[in-house]
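Below is one structure, written out as structure tokens; the observations come after it.
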Amino acid sequence: MSKYLVNKFLFTVDRDPVLVERYRDDPRGTVTWWEEERANHLLSCAAGEASTWLAFEDEEREALATHDYATLFGLGAHPFLTLTLFIAMFERDYDEPLGFQLQYAKNLAHFSLPYADITT
Amino acid sequence: MAELTAVIASTHHPFYYKASTAPPEAAPPFAAEWVRKVEAFRETLTRAEPDVLLMVGSDHFHQLWLDNMPQFLVGNAEQYDANWYNEEREFSLPRMRMQGDRDLSGYILRNGLDAGFDLAFSNELRIDHSVTCPIITLRPQNDLPIVPVYTNIFAPPLPQPKRFVELGRMLRQLVESWPSDKKVAIIGTGHLSLELGGPRQFGPHGPDAEFDARAVEWIANGDLEGCLSEVTLDSLHAPGNATHGFMDFMLMMGVAGENAKADYVDTYDLFHTMEAYFTWYPNGAPA
């Protein structure tokens, strides 16, 4: 499990308007690029001080590459990060206020307590 | 010594700004009553005539991140920029800037550390809606210096609920021993039952009305014993997956004191999560 890295993907994409659009339009390409180029960046350090060991599990990579937020929830990705980024990408596609948020809840309806542990 | 003139605990609902500033024809149906309640709540702070606000909130993965996560952090800066791109994007929150109070920050850090609380600090802190929402609701003119205190209710492993209460008790002691002639209000925001990014989110009410009713009773009556006997890190998962924000209310109960009945209590049953507003006047209600 690399919940931390999934969260890092969601976090770094969510805070960058260009990456939000890129991930919406090309999820698989963005995930592949990000894992190769960005996954090991230490966020508060100079570029040369990167980590050397971070990589997604196959299931995580596939869930991110297919915008599968229900699977991300089941894997223990931080639900606030997932929700915030997916609202940024898909709220615009719904006419009713909170339309996407309610659809999102519906797509998670098969989960019951206890939810996946989000501890990293 | 400084005087603690008001203790205020509130939910922080990032949709309030948009709901309260929309033109009447575009405002949601619940907005007018919400504004009325918030303005009445605001008056409880105005009456206390504070000079400085000590503000307890929680960063929502804006500046504080999992590679370096403090449990309790005190802002120690001259000024604080506020609100973030994703809060502008989702909630239409405006960019803001607050003045700091380095003297109070330094006093809390030095004396908190000496009292056994290993507080982290930040000399450059951009704060988020957990602190700006109560500025918008309670002090929209944004004319007072603040000292922000961030707690980790968000990224487990989390501190135990009793630590939030203990931090609240200590913050009160520190404010009341601060060598200053200023009047201080301590304002903290958290949540009642809340679900974010889970199947129970954005319902017509909060996810657990029964928890909310018990929580409001605990807070309004200062029932720390009852609250601490029932609330654990595990138990807070049941009312909703973001309900650990309730621990910031427990912190504020620690500030207000054991069995301290709130002087002002109001709630508003909204979609998604219930709003709740509490004010205590430690030295009696202002005239």
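The values are calculated or read from the model by the stated rules, or taken from the named source; none is laboratory data. All values derive from a computational prediction rather than experimental measurement. A quick note on method: Cβ atoms are made from the backbone with ideal geometry, for glycine too, and the neighbour counts reach across all protein chains shown. Just the protein is used for accessible areas: all its heavy atoms, side chains included, with ligands, DNA and RNA removed. Shrake-Rupley method; radii C 1.70, N 1.55, O 1.52, S 1.80 Å.
Going by the structure shown, is residue A:18 of a type in the set (A, V, I, L, M), buried (at least 16 other Cβ atoms within 10 Å of the Cβ) and in a helix (DSSP H, G or I)? The answer is no for residue A:18. Within region A:92-120, the residues that satisfy the criterion of being surrounded by 13 or more Cβ atoms within 10 Å (Cβ to Cβ) and either within 8 Å of chain B (Cβ to nearest Cβ) or of a type in the set (Gly, Ala, Ser) (or both) are A:98, A:99, A:101, A:102, A:104, A:105, A:108, A:111, A:115, A:116, A:118, A:120.
Within region A:1-23, restricting attention to residues that are under 11 Å from the mean Cα position of the chain (by Cα) and over 14 Å from residue B:66 (Cα atoms), the residue that is farthest from the other protein chains (Cβ to nearest Cβ) is A:23. Residue selection: residue B:92 fails the criterion of being open to solvent by less than 20 Å² (accessible area, probe 1.4 Å) and polar (S, T, N, Q).
The set of residues in region A:24-34 that are under 14 Å from residue A:63 (Cα atoms), in contact with a helix residue (DSSP H, G or I) (Cβ under 7 Å, 6 or more places away or on another chain) and away from chain B (no Cβ under 14 Å) comprises A:27, A:28, A:30, A:31. In region B:176-287, counting only helices (runs of 4 or more DSSP H) that sit wholly within it, the ones holding 1 or more residues that are within 14 Å of chain A (Cβ to nearest Cβ), modelled with pLDDT of 95 or more and buried (at least 17 other Cβ atoms within 10 Å of the Cβ) span B:209-221. Could you tell me whether region B:254-263 includes any residue that is β-branched (Val, Ile, Thr) and under 28 Å from residue B:117 (Cβ atoms)? The answer is yes, given that some residue of region B:254-263 is β-branched (Val, Ile, Thr) and under 28 Å from residue B:117 (Cβ atoms).
In the set (1) out of contact with any Asp or Glu (no Cβ under 7 Å at 6 or more places or on another chain); (2) in a loop (DSSP other than H, G, I, E, B); (3) among the aliphatic types (A, V, I, L, M); (4) within 26 Å of residue B:101 (Cβ to Cβ), residue B:77 fails one condition alone, (1). Given the condition part of a helix (DSSP H, G or I), more than 9 Å from every other protein chain (Cβ to nearest Cβ) and crowded, with 16+ Cβ neighbours inside 10 Å, answer yes or no: does some residue in region A:37-59 qualify? Within region A:37-59 (the criterion being part of a helix (DSSP H, G or I), more than 9 Å from every other protein chain (Cβ to nearest Cβ) and crowded, with 16+ Cβ neighbours inside 10 Å), the answer is no, since none of the residues qualifies.
Among the residues of region B:1-57, those that are part of a loop (DSSP other than H, G, I, E, B), out of contact with any Phe, Trp or Tyr (no Cβ under 9 Å at 6 or more places or on another chain) and either crowded, with 20+ Cβ neighbours inside 10 Å or aliphatic (A, V, I, L, M) (or both) comprise B:12, B:22, B:26, B:27, B:50.
Taking the criterion of being farther than 29 Å from residue B:47 by Cβ and away from chain A (no Cβ under 14 Å), would at least one residue in region B:141-160 satisfy it? Within region B:141-160, one or more residues are farther than 29 Å from residue B:47 by Cβ and away from chain A (no Cβ under 14 Å). Can you pull out the residues in region B:81-113 that are touching a helix residue (DSSP H, G or I) at 6+ places or on another chain (Cβ under 8 Å), within 20 Å of residue B:133 (Cα to Cα) and either away from chain A (no Cβ under 14 Å) or not in a helix (DSSP H, G or I) (or both)? Within region B:81-113, B:82, B:83, B:92, B:93, B:94, B:95, B:96, B:98 meet the criteria.
Comparison of A:77, A:65 shows that the only residue that is more than 14 Å from chain B (Cβ to nearest Cβ) and either polar (S, T, N, Q) or touching a residue at least 12 places away in the same chain (Cβ under 8 Å) (or both) is A:65.
Among the residues of region A:80-91, those that are in contact (Cβ under 8 Å) with a residue 24 or more places away in the chain and facing chain B (nearest Cβ under 8 Å) comprise A:81, A:82, A:84, A:88.
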